[in-house]
Amino acid sequence: MNTPEPFLGVTSHTPVRHHILSVMVENKAGVLARVAGLFARRGFNIYSLAVAPAETKARFSRITIVVDAESAPLEQIVEQLDKLVNVVAISDIAPKDALERELLLATIKTNVDNRTSLLDVVGSSGAAIVDVDAKSVTLMLAGTPAACDELERELENYTTLELHRTGRVALPRLGKAALIAIPD
Amino acid sequence: MQLTGAQALIKSLEMEGVEVVFGLPGGAILPVYDPLIDSSIRHVLVRHEQGAGHMAEGYALATGRPGVAMVTSGPGATNIVTPIGNAHMDSTPLVVITGQVATAAIGTDAFQECDITGITMGITKHNFLVKSAHEIPRAVAAAFHIATTGRPGPVLVDVPKDITQSMMEWWYPESIEELDLPGYHPTVDLDADRVNQAIELIKDAERPVLYVGGGTLKSHASAQLLAFAERTGMPVVTTLMARGAFPDSHPQHLGMPGMHGMYSAVIAIQKSDLLISLGARFDDRVTGKIPAFAPNAKVIHVDIDKAEFNKVRRADVAIRSNVAAVLEAWDAERAMPQNLEVWWKEIDAWREAYPLVYDEPNDDGLLRPQFVVESIAKAAAPGTIVASGVGQHQMWASQFWKFEEPGTWVNSGGAGTMGFGVPAAIGAKAGRPDRVVWCIDGDGCFQMTAQELVTARAEGIPIKVAILNNAYLGMVRQWQEMFYDERYSEVYLSPDLPDYVKWAEAMGCVGLRATNVAEMHAAIATANSINDVPVVIDFRTDSSEKVFPMVAAGASNDDIMVHPRQRESQ
Ligand SMILES: Cc1ncc(C[n+]2csc(CCOP(=O)(O)OP(=O)(O)O)c2C)c(N)n1
Ligand SMILES: [Mg+2]
């Protein structure tokens with residue numbers, strides 16, 4: 001008998017057809033669970049998700065969700081989200097109209113042989129060193145998701161002790177509006 | 001005025017005009033049951049919390065007002081999850097109050113703690129965990145506002161015990177702004193452009209069908225529907241959720257569409273060139289195989305919930321509105337389709353060729369379940385409300401009862417919850433004591449919630465229950481017969497175990513049995529003469545009867561199977 005391999009998931013940095021939803025929610029307990037639960041039960045895929053208190057208005061938070069628009073029609077995702085009572089406003093930013101940024105933090109094992117080349121990688125990618133000790137270096141990059149992807153690829157030549165990415169946040173480019181805006 | 005949180009909770013329910021609460025007390029909700037003694041609100045003490053939820057649903061469906069249930073934390077709360085899910089699927093306005101363990105104990109696995117707001121997140125329109133006594137009025141007012149506006153649905157309010165026990169200065173929200181719901185916008189102004197685009201489609205239509213769903217009942221649009229249908233002459237179909245929205249006796253009514261719909265209703269939709277969906281949601285039980293559903297029809301989709309648009313079927317014109325407002329706007333513009341004479345000729349031919357039929361009642365053998373339903377309907381007072389369980393008997397009730405007005409059909413559609421019938425009938429009767437309420441139930445369904453007849457007897461709520469006792473989980477049996485080579489797996493129940501007459505009597509009801517046509521008529525007459533206690537009739541029906549017409553699950557509606565007797569001619 002052939003035992004099937006367990007499904008380990010696939011790692012890809014950006015779904016084929018992604019959209020960025022910027023969702024303003026009431027800053028109340030359980031709201032993130034409501035949003036995540038909605039995606040799970042409707043079979044919508046979340047690629048990345050970032051949450052933080054929203055600008056000026058302390059009672060709201062902004063959730064930036066990168067959705068896989070292959071998994072469900074975007075219209076359904078937006079309309080179902082809008083039905084959540086705690087969701088105040090949604091804007092959908094098409095990738096070509098978006099300024100997307102993400103933060104990458106990584107701790108890399110170093111030795112005398114590779115320190116110089118690592119510093120080159122840091123320099124050429126626009127990353128910065130934020131912590132150093134005798135055996136390792138922690139670096140950070142704030143940049144486009146593509147730049148983070150590229151850095152991650154280059155770091156494959158080193159021993160990475162830890163690598164964290166925040167998931168992206170986005171704003172429309174100046175002069176571009178969000179596609180669907182359900183206003184507050 | 002200083003009140004305890006518990007007093008504020010009861011007073012808030014009074015402010016919302018609540019006349020009856022269905023519930024059962026326990027530790028965490030105990031403080032609230034004390035001020036209830038001094039309240040004008042009637043409390044109906046159920047025997048199982050599932051009963052409380054379905055009673056509240058039956059109350060809402062029969063009266064159009066929100067149903068209210070109140071239970072304790074932990075198992076009390078989980079017992080009412082099924083009715084909440086049911087109300088969510090059928091967009092029934094419900095407010096459910098649950099007790100919760102004290103705030104400091106939340107998250108510690110305290111006695112009878114459960115995360116009921118987490119459990120019901122996906123099956124409520126919204127829910128609240130109340131964090132202070134001062135917030136109770138706002139939470140209750142918001143719950144009623146959310147449950148009853150836009151697309152209605154269940155809302156749960158979870159109230160920890162320390163909060164109902166603490167003091168607050170009484171206040172009550174006086175405006176919607178005070179409810180603090182910045183993300184909730186249940187209605188919008190009618191979009192005149194879309195109304196006109198729809199009128200353009202109507203003008204071109206030669207084979208239109210008014211596809212009427214539960215939203216038409218929810219928006220109280222029956223009068224507007226009748227006016228629009230009569231002025232335009234269009235045929236009407238009413239889904240399982242919309243029975244009663246348009247009179248069954250009306251010549252333009254083709255009946256119910258869908259898996260067990262009338263042949264003419266199903267085929268008229270299939271052949272239509274314009275489908276006007278009024279508060280319906282293209283459920284799979286209506287559409288059958290989606291790509292084959294009404295393939296040549298343009299679609300006008302009217303719904304208050306815009307998430308329904310393009311979910312299943314792409315709409316040519318989607319109008320976010322309650323149904324009544326759109327029909328009024330179309331009437332004001334005198335929207336008219338083409339001459340429908342040819343269309344009606346076709347429809348009438350289908351109606352004539354394939355009416356609802358069943359085999360003749362036989363005097364010595366078992367009863368035909370369809371004949372039992374027809375006979376009860378014929379002997380029933382006008383305006384009788386009918387509740388049902390889920391299964392074959394439900395389909396026969398929908399097919400063979402003649403519904404003439406809104407609020408007379410109380411049923412579990414989207415969820416298909418067995419055991420809904422008896423408690424829902426009790427709730428309906430509690431809300432409409434002036435009406436006769438029959439529950440057409442299955443033997444399987446009856447066994448799931450029959451204990452609520454004790455509640456009915458104790459509370460003086462005299463419903464009538466007709467068990468179509470076919471000794472089987474009949475609907476499942478039908479599928480096994482038709483699609484699993486008659487390999488019957490775990491569907492036999494026995495006609496005699498339990499003894500339904502003795503069981504009814506033990507619960508303080510009148511129990512009757514009918515095994516042939518003469519006994520059937522006598523039992524119905526006896527039941528109709530009893531108006532002080534609940535009556536249960538055990539009708540022994542033929543277990544081989546199947547529901548027709550039928551569209552097999554996943555099949556195209558074009559492949560509708562009519563009654564075997566009608567097949568040669570098909
Ligand atoms: C709670 C629940 N469990 C299981 C089912 C699946 N189911 C649908 S109809 C049916 C049989 C119902 O039997 P009965 O009440 O005797 O009605 P009949 O079909 O015989 O008229 C079952 C088991 C269901 N709908 N609900
Ligand atoms: Mg049965």
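Here are the numbers for the structure shown:
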| quantity | calculated |
| --- | --- |
| Rounded to 5, the percent of DSSP beta bridges in the stretch B:2-179 classed as antiparallel | 10 percent |
| For the stretch B:128-231: span of alpha carbons on each principal axis (Å, largest first) | 66, 23, 19 |
| The stretch A:65-184 - percent of accessible surface contributed by carbon and sulfur, probe 1.4 Å | 56 percent |
| Rounded tilt (10° steps) of A:115-125 against the dominant C-alpha axis of chain A | 30 degrees |
| Estimated Rh, the stretch A:99-169: Kirkwood, alpha-carbon pairs, angstrom | 12.0 Å |
| Spatial extent of the protein assembly as shown: Rg and Dmax, with the Cα atoms as the point set, Å | 29.6, 102 |
| Debye, to nearest 20: dipole size of the stretch A:18-93, +1 on Lys, Arg Cβ, -1 on Asp, Glu Cβ | 400 debye |
| Per-selection Kirkwood Rh - the stretch A:18-93 (Cα, Å, 1 d.p.) | 12.2 Å |
| Table column - 3J(HN,Hα) (Hz), the stretch A:145-153, Karplus curve with 6.51, -1.76, 1.60, x for Gly and Pro | x, 5, 5, 5, 4, 4, 4, 4, 4 |
| 5 angstrom amide H check on B:His126, placed H, neighbours 5+ away | B:Leu156 |
| Considering only the stretch B:369-540, percent of DSSP beta bridges that pair antiparallel, nearest 5 | 5 percent |
| Rg [Å, one decimal], Dmax [Å, integer] - the stretch B:295-355, C-alpha atoms | 15.2, 39 |
| Compactness index (Cα Rg / 2.2 N^0.38 Å), the stretch B:251-368 | 1.28 |
| Net +/- balance of residues flanking A:Ser71 in space, Cβ distance below 12 Å, scoring K and R +1, D and E -1 | 0 |
| Set B:Lys311/B:Lys546; A:Lys28/A:Lys176; B:Lys306/B:Lys546; B:Lys203/B:Lys311; B:Lys218/B:Lys546 screened for pairs whose C-alpha atoms are more than 28 Å apart | B:Lys311/B:Lys546; A:Lys28/A:Lys176; B:Lys306/B:Lys546; B:Lys218/B:Lys546 |
| Helix runs (DSSP H) in chain B reaching 27 Å along axis by Cα, Kyte-Doolittle at least -0.5 | none |
| Per DSSP, loop trypsin sites (Lys or Arg not before Pro) in the stretch A:89-184 with at most 16 further Cβ within 10 Å | A:Lys135, A:Arg173, A:Lys176 |
| Unit charges on C-beta of K, R, D, E only; dipole of the protein assembly as shown, Debye | 400 debye |
| Euclidean distance of C-alpha centroids, the stretch B:464-478 and the stretch A:123-159, integer Å | 69 Å |
| Two-site label geometry, B:Ser529 and A:Ser136: point separation in nm, points 7 Å out along Cα→Cβ | 9.0 nm |
| Neighbourhood net charge (9 Å Cβ-Cβ; Lys/Arg +1, Asp/Glu -1) for B:Glu545 | 0 |
| Rule-of-thumb Rg ratio for chain B [Cα; 2.2 N^0.38 Å; N residues] | 0.99 |
| Solvent-accessible surface (1.4 angstrom probe) belonging to B:Thr149, in square angstrom, nearest 10 | 40 Å² |
| ³J(HN,Hα), Karplus 6.51/-1.76/1.60, whole Hz, each residue of the stretch B:30-46, x for Gly, Pro | 3, x, 6, 6, 6, x, 4, 4, 8, 8, 6, 6, 7, 10, 9, 7, 7 |
| Whole-angstrom gap from the stretch B:147-204 to the stretch B:38-94, using each part's C-alpha centre | 20 Å |
| For the stretch B:524-570: Kirkwood Rh in Å [reciprocal of mean 1/r, alpha carbons] | 14.4 Å |
| Proximal charge balance of B:Gln7 [Cβ under 14 Å; K/R count +1, D/E count -1] | -3 |
| In sequence order, calculated HN-Hα J values of the stretch B:244-261 (Karplus, 6.51, -1.76, 1.60; Hz; x Gly/Pro) | x, 6, 9, x, 4, 6, 6, x, 7, 8, 8, x, 8, x, x, 3, 10, x |
| Computed [θ] at 222 nm, deg cm²/dmol, chain B (DSSP H ≥ 4; -39,500 (n - 2.57); rounded to nearest 500) | -10500 deg cm²/dmol |
| Loop sites in the stretch B:315-392: GluC sites (Glu not before Pro), DSSP, at most 16 other Cβ within 10 Å | B:Glu333 |
| Computed [θ] at 222 nm, helices only, for chain A once each DSSP H run of length n ≥ 4 contributes -39500 (n - 2.57) | -7000 deg cm²/dmol |
| Nearest 10 degrees, 0 to 90: helix A:31-42 Cα axis against chain A principal axis | 80 degrees |
| Sequence-distant residues sharing a close amide H with B:Arg513 (under 5 Å, placed H) | B:Asp538 |
| Nonlocal amide H pairs with B:Cys439, under 5 Å, H built at 1.01 Å | B:Ala387, B:Lys464, B:Val465, B:Ala466 |
| Positive dipole terminus of chain B, leading residue within B:Met550, B:Ala8, B:Asn411 (C-beta point charges) | B:Met550 |
| Only Lys, Arg (+1) and Asp, Glu (-1) charged, at Cβ; chain B dipole about Cα centre in debye | 340 debye |
| Heavy-atom accessible surface that A and B bury in contact, both chains counted, 1.4 Å, Å² to 100 | 1600 Å² |
| 0 to 90° range, to nearest 10: angle between helix A:74-83 axis and chain A longest Cα axis | 70 degrees |
| Qualifying trypsin sites (Lys or Arg not before Pro) for the stretch B:82-179 [loop in DSSP, other Cβ within 10 Å: at most 16] | B:Lys131 |
| Global size of chain A as Cα Rg and Dmax, reported in angstrom | 19.3, 61 |
| DSSP beta bridge pairing in chain B, given as percent antiparallel to the nearest 5 | 5 percent |
| Protein-protein interface of the stretch B:114-148, residues with accessible area decrease of at least 30 Å², isolated chain reference, 1.4 Å probe | B:Met121, B:Gly122, B:His126 |
| Label-point separation in nm, B:Ala110 to B:Glu174, each point 7 Å along Cα→Cβ | 3.6 nm |
| Convex hull projection area averaged over all views, the stretch B:369-540, Cα basis, nm² | 9.4 nm² |
| Per-q log10 I(q)/I(0), the stretch B:1-154, q = 0.12, 0.17, 0.19 Å⁻¹ (Debye; single scatterer per alpha-carbon; no solvent) | -0.44, -0.94, -1.21 |
| Dipole of the protein assembly as shown, positive direction: furthest Cα of B:Leu217, B:Gln165, B:Ala324, with charges on the beta-carbon | B:Ala324 |
| Dipole of chain B [Lys/Arg +1, Asp/Glu -1 at C-beta], most positive-end residue of B:Val342, B:Val236, B:Val562 | B:Val342 |
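The values are calculated or read from the model by the stated rules, or taken from the named source; none is laboratory data. What you see is a predicted model, and the numbers here were worked out from it, not measured in a lab. Note that each Cβ is placed from the backbone with ideal geometry, even for glycine, and that neighbours are counted across all protein chains shown. SASA here: full protein model, heavy atoms, side chains in, ligands and nucleic acids out. Shrake-Rupley method; radii C 1.70, N 1.55, O 1.52, S 1.80 Å.
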